[in-house]
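Worksheet for the structure shown next.
The numbers here are math on the coordinates, done by the rules we state, and not lab data. Quantities reported herein were computed from a predicted structural model and do not represent experimental measurements. For neighbour counting, all protein chains shown are included, and Cβ atoms are generated from backbone atoms with ideal geometry for every residue, glycine included.
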Amino acid sequence: MQRRGTQAFPGGVHPTDGSDKALSMDQAVKPYRPDIVTILSEQTFGGTCQFTVTPGESVIEGQLIGKPEAFLAAPLHASISGTVLDVKEVEQLGRKITACIIQRESDHCQVSHTDTSIPHDTAAECAERKGVDYQTEISDIRSISREEILSGIRDGGLTGMGGAGFPTHKKYETDKPIDALLINGAECEPFLTCDYRLMLEEAYALINGVRLLLKGSGAKKAYLCLEDNKPKAAEHLTHILDEAKAKGLIATDETIELTVLPAKYPQGGERQLIQAVLKREVPMGQLPADAGVIVSNVGTAKAAADQILGNLPLTKRIITVTGLVAHPGNYLVPIGTSAKELLQFCGGVTAKENRIIAGGPMTGPCAASNWNGEDELFYITKSTSGILVLPDSAYEESPCIRCLGCADVCPAGLTPYQIEIAFLNEDHELCEELYASECIACGCCSYICPAKRQLAVRTRMARDLVKQRIRERAVKSS
């Protein structure tokens, strides 16, 4: 294990004292089995799939039900076995998105309420699972080719499970020379602990997934990265890696280093993680691959092992439900689970004046304020990491006092207050000159602003506008 003692990226904040994660980090993962799932055709913005099933059709868990229609899309699979009730538009965080609604059939593989293993629906899947050992020991992957790994993560519908949900195979099919693979277990977002529980409870599957992705990337070395506020996970992963190396179960060309970094937000941002671990900067307007690096989340690595070693496409994920709820914890849920039902399963919210966040407090969108416990909220996607309930807080923006706090904490080195002014004045040229396109939407600027300016929202909108201008110029010049 290698420990890094200093921060290697600019800016950042320390938004909490650790009590937020303590709400759920010691709770073992529990499965939740909804009767109905609503699987969205867009698991990431702009990544649309075309459903291949129709109402009344029977499906089994893992069956392909959606084929990609866009660059940012990955295949969709049924997350439960049952009957397709409908294919229709539903509301998802202010947008209308086509969804496939499936009702569960009677269970064939019984799982107790306290069982934390992945539940399955059919007898065939139950029997298949008994022969899978990649979750309890280091697997022999010597006979698995790079091509098989790439096709596996593509056909399995794998996406980034810690951020924007970019299709995983797109990263690994790059023509850029890759020499380093970073597996992101930093989980720097406050309140969220789903990755931490995965590292504790699914360590063998995770490490096997890291080995597969290392082989698929063509890199020489993988860095399994986490923050120093997760000592139990670091100790557990170190023990497994050391034992596997001592027994010769990991090949000499499979170099995996556990790297522990000081806790600081947004340590888990791709560019910030690359800077902290490798001391490299991703060129402006380019991707990590242009710096010879691929970054994948620990959940994505574990899902790669599920697909390639267990023949299980991405149909479930662990999600943190925390904050002002009766029973905070981490839950293994099918993709398409209703956030409303999951909150009810956790005992409901404990404050009438509340704010429901889809994800973490720094980057997650607000799904509802003063939620009544009855209205539908949103549906879990492959990249949904949490449901957070916070006290509702009303505040008014004040004029910017030019304190430069936002510039000091911006990990991208921007001046958000200047970008906000340019954006509000509709000076799109100035937004571009201020490099708004490099905003990573981490929320540090809004968090630190004493005037309570909505800097993160406006800087992100300026970023999207500038990127659209750049795309339009590229089309005109081609």
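Once Lys and Arg get +1 and Asp and Glu get -1 on their Cβ, which of Thr337, Pro416, Thr193 lies farthest toward the positive end of the dipole of the chain?
Pro416
In terms of Cα to Cα distance under 15 Å, which aspartates and glutamates are near enough to Lys264, apart from those fewer than 8 places away along the same chain?
Within the straight-line cut-off, Lys264 pairs with Asp17, Asp20, Glu187, Glu189, Glu227, Asp228, Asp408.
Please list, short to long, the whole-number percent of alpha-carbon pairs of the chain in consecutive 10 angstrom bins beginning at zero.
All Cα pairs, binned at 10 Å, distribute as 4, 20, 31, 28, 14, 3, 0 percent.
Round to the nearest 0.05 the FRET efficiency obtained for Ala164 and Asp253 when R0 = 45 Å and r is the Cβ-Cβ distance.
Efficiency computed from Cβ-Cβ geometry: 0.90.
Near the amide H of Thr98, under 5 Å away, which other amide H atoms are found, from residues 5 or more places off or on another chain, if H is placed in the peptide plane?
When sequence neighbours closer than 5 places are left aside, the close amide H contacts are Ser41, Val90.
Let me know the charge dipole size of the chain about its Cα centre in debye, to the nearest 20, where only the beta-carbon of Lys, Arg (+1) and Asp, Glu (-1) is charged.
It comes to approximately 860 debye.
Among the aspartates and glutamates, select those whose C-alpha is under 13 Å from the C-alpha of Lys176, and discard any that sit fewer than 8 residues away in the same chain.
Asp290
In deg cm²/dmol, rounded to 500, what helix-only [θ] at 222 nm does the chain give when every DSSP H run of at least 4 residues adds -39500 (n - 2.57) and the total is split over its residues?
Rounded to the nearest 500, it is -8500 deg cm²/dmol.
Run down the aspartates and glutamates and flag those whose C-alpha is under 19 Å from the C-alpha of Lys476, throwing out any fewer than 8 positions away in its chain.
Partners found: Glu429, Glu432, Asp464.
Which pairs, out of Lys67/Lys467; Lys230/Lys382; Lys170/Lys215; Lys171/Lys302; Lys302/Lys382; Lys67/Lys170, put more than 19 Å between their alpha-carbon atoms?
Where the Cα-Cα span goes over 19 Å, the pairs concerned are Lys67/Lys467; Lys230/Lys382.
Under the 0.36 nm per residue contour assumption, what length would be gained going from the current alpha-carbon distance of Ala394 and Arg95 to full extension?
Additional length available on full extension: 105.2 nm.
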